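Notes follow the structure.
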Amino acid sequence: MNFISTHSPIGDITLFQDADAIVALEGGWAGSQQDAPTPLLKEAIRQFHAYFTGALTSFDLPLAPPGSSFQQDICQRIQEIPYGETRTYKDIATQLDTSPRPVGNACSRNPIPIIIPCHRVRGTITLGGYSGPGGIDTKQHLLRLESIALRDLSPR
């Protein structure tokens, strides 16, 4: 598996590639990288930094998040949420004829946060949680970056 690390406004992150797709994003490991980053990892880092400067609103990378077929369905629904918008766990549950709790559980196992924008999924009344690097503080940062008002939502 290939990987590359970089600094970002939410802290250090590491992107992982397997075969021809991005498979994970994790916090930490800044300064680490393989001997020669692949073109895909270089492009992923370029897009990642463009997102944080506001120059990119949609990632265009091949992704292969591991997980069950249900997890895959959730990841697909999350990727359909436009930049600057949110959906509730209930909204996604309704689309998939399930309940909000399994959707929340699947979101908490999203292996490629930010690129698969699970920060755009929230509770009906609260922000809900965030399992990506930095937890709820990162979720709030990403929502503000996308100009999503937080005044009506509070963390759990």
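The values are calculated or read from the model by the stated rules, or taken from the named source; none is laboratory data. Fair warning: this is a prediction, and the values are worked out from it, not measured in the lab. All Cβ positions, glycine included, derive from the backbone under ideal geometry; neighbour counts span all protein chains shown. With ligands, DNA and RNA removed, areas are computed over all heavy atoms of the protein, side chains included. Shrake-Rupley method; radii C 1.70, N 1.55, O 1.52, S 1.80 Å.
When Leu63 is tested against (1) over 12 Å from the mean Cα position of the chain (by Cα); (2) touching a residue at least 12 places away in the same chain (Cβ under 8 Å), exactly one condition is not met: (1). Screening His49 with (1) at negative phi; (2) touching a Gly at 6+ places or on another chain (Cβ under 8 Å) gives one miss only, at (2). Inspect all residues belonging to the range 50-57 and state whether any of them is over 23 Å from Gly11 (Cβ atoms), in contact (Cβ under 8 Å) with a residue 12 or more places away in the chain and assigned to a loop (DSSP other than H, G, I, E, B). The answer is no; no qualifying residue exists.
Inspection of the range 112-125 identifies at least one residue that is touching a His at 6+ places or on another chain (Cβ under 8 Å) and open to solvent by less than 30 Å² (accessible area, probe 1.4 Å). Entry remark, the range 27-44: residues being among the β-branched types (Val, Ile, Thr) and at pLDDT 95 or above number 0 in total. Scanning the range 103-143 for residues that are over 11 Å from the mean Cα position of the chain (by Cα) and not in a loop (DSSP other than H, G, I, E, B) gives Val103, Gly104, Asn105, Ala106, Arg122, Thr126, Gly135, Ile136, Asp137, Gln140, His141, Leu143.
Scanning the range 10-20 for any residue that is open to solvent by 70 Å² or more (accessible area, probe 1.4 Å), aliphatic (A, V, I, L, M) and over 19 Å from Cys118 (Cα atoms) turns up at least one such residue. Any residue in the range 92-99 that is out of contact with any Leu (no Cβ under 9 Å at 6 or more places or on another chain) and open to solvent by less than 10 Å² (accessible area, probe 1.4 Å)? Yes: the range 92-99 contains one or more residues that are out of contact with any Leu (no Cβ under 9 Å at 6 or more places or on another chain) and open to solvent by less than 10 Å² (accessible area, probe 1.4 Å). In the range 1-20, the residues that are without any contact (Cβ under 8 Å) to a residue 60 or more places away in the chain reach residues that are of a type in the set (Lys, Arg) with C-beta atoms within less than 8 angstrom, at least six apart or across chains, in these pairs: Ile4/Lys42.
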